[in-house]
Amino acid sequence: MPYDENNIFAKIIRSEIPCHRVYEDEAVLSFMDIMPRSPGHLLVIPKAPARNLLDIEPEVLATLIRQTQRIAKAAVAALGADGLTLQQFSEPAGGQEVFHIHFHVLPRWDGVRITPHPAPKGDMAELADQAAKIRAALG
Ligand code: AMP
């Protein structure tokens, strides 16, 4: 399947729709997931178009995973999490719903389960507060 320039994350990259931004540079954008399955659930995406793990350029993937690690560490520290779950879904058969590659970073706490999919829409003030805390931890 070809990359769709009008997918929702492409629109977020072009600032056509808003997001709770955590980090941005020339290659990568990170923002809070709007339907968080754990407190602090965020997404990390490359700005370069790629549908998923099956078509992303290895060099773009290398930058993406490096930044994902950095942002995940900041999220765990900022929110006082005990650990994290990293997820990536490719194609509908793999559970993908938005067709611009993204890593899910889910901060986790001992004994606390992830909210099952589909999670309810998050509280916007809470998402903004978590994004601010993670941005501060990134320095
Ligand atoms: P998936 O493609 O299954 O890996 O999941 C797509 C994720 O994008 C879901 O967790 C959604 O909650 C999230 N999502 C969809 N639209 C937005 C949006 N506008 N802003 C932030 N997250 C979104």
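The values are calculated or read from the model by the stated rules, or taken from the named source; none is laboratory data. Because the structure is predicted, anything quoted here is derived from the model rather than measured. A quick note on method: Cβ atoms are made from the backbone with ideal geometry, for glycine too, and the neighbour counts reach across all protein chains shown. Remember, those area values only see protein heavy atoms, side chains included, never the ligands or the DNA or RNA. Shrake-Rupley method; radii C 1.70, N 1.55, O 1.52, S 1.80 Å.
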Euclidean distance between Cα centres, region 84-108 to region 10-33, Å: 16 Å
How large is ³J(HN,Hα) for each residue in region 106-116, as worked out from phi by the Karplus curve 6.51 cos²θ - 1.76 cosθ + 1.60 (θ = phi - 60°), to whole Hz, x for Gly and Pro? 10, x, 10, 10, 3, x, 9, 7, 6, 5, x
Residue by residue through region 127-137, which ³J(HN,Hα) values in whole Hz follow from phi under the Karplus form 6.51 cos²θ - 1.76 cosθ + 1.60 (θ = phi - 60°), with glycine and proline marked x? 4, 5, 5, 5, 4, 5, 5, 5, 4, 5, 5
Whole-number accessible area per residue in Å² for region 31-139, which is evaluated in the context of all protein chains at 1.4 Å: 51 Å²
Within 9 Å, Cβ to Cβ, of Ala78, how many net charges do the neighbouring residues add up to if Lys/Arg are +1 and Asp/Glu are -1? +2
Just by accessible area at a 1.4 angstrom probe, what is the order of Lys121, Lys11 from largest to smallest? Lys121, Lys11
Rounded to a whole number, what % of the accessible area of region 52-139 do carbon and sulfur atoms account for, probe 1.4 Å? 56 percent
Can you return the lysines within cross-link range of Lys133? Criterion is Cα-Cα under 16 Å, with same-chain partners fewer than 8 residues away left out. Lys73
Shape of region 73-139, Cα gyration tensor, a/c cut at 1.5: prolate
Which residues qualify? For Leu84, with a placed amide H closer than 5 Å and at least 5 residues away or on another chain, they are Arg108
In nanometres, what is the gap between the two model label sites at Met1 and Asp123, each 7 Å from Cα along Cα-to-Cβ? 3.5 nm
Please list the non-local residues whose amide H lies under 5 Å from the amide H of Ala50, H modeled 1.01 Å from N, same-chain partners needing a gap of 5 or more. Ile101
Lys/Arg Cβ at +1, Asp/Glu Cβ at -1, dipole of the chain taken about the Cα centre: which of His117, Asn52, Leu84 is farthest positive-ward? Leu84
If I model a spin label as a point 7 Å beyond the Cα along the Cα-Cβ vector, how far apart are those points for Glu24 and Glu57 in nm? 2.2 nm
For region 9-21, take each phi angle, set θ = phi - 60°, evaluate the Karplus expression 6.51 cos²θ - 1.76 cosθ + 1.60, and give the result in whole Hz per residue in order, putting x for glycine and proline. 6, 4, 5, 5, 4, 7, 6, 7, 10, x, 8, 8, 6
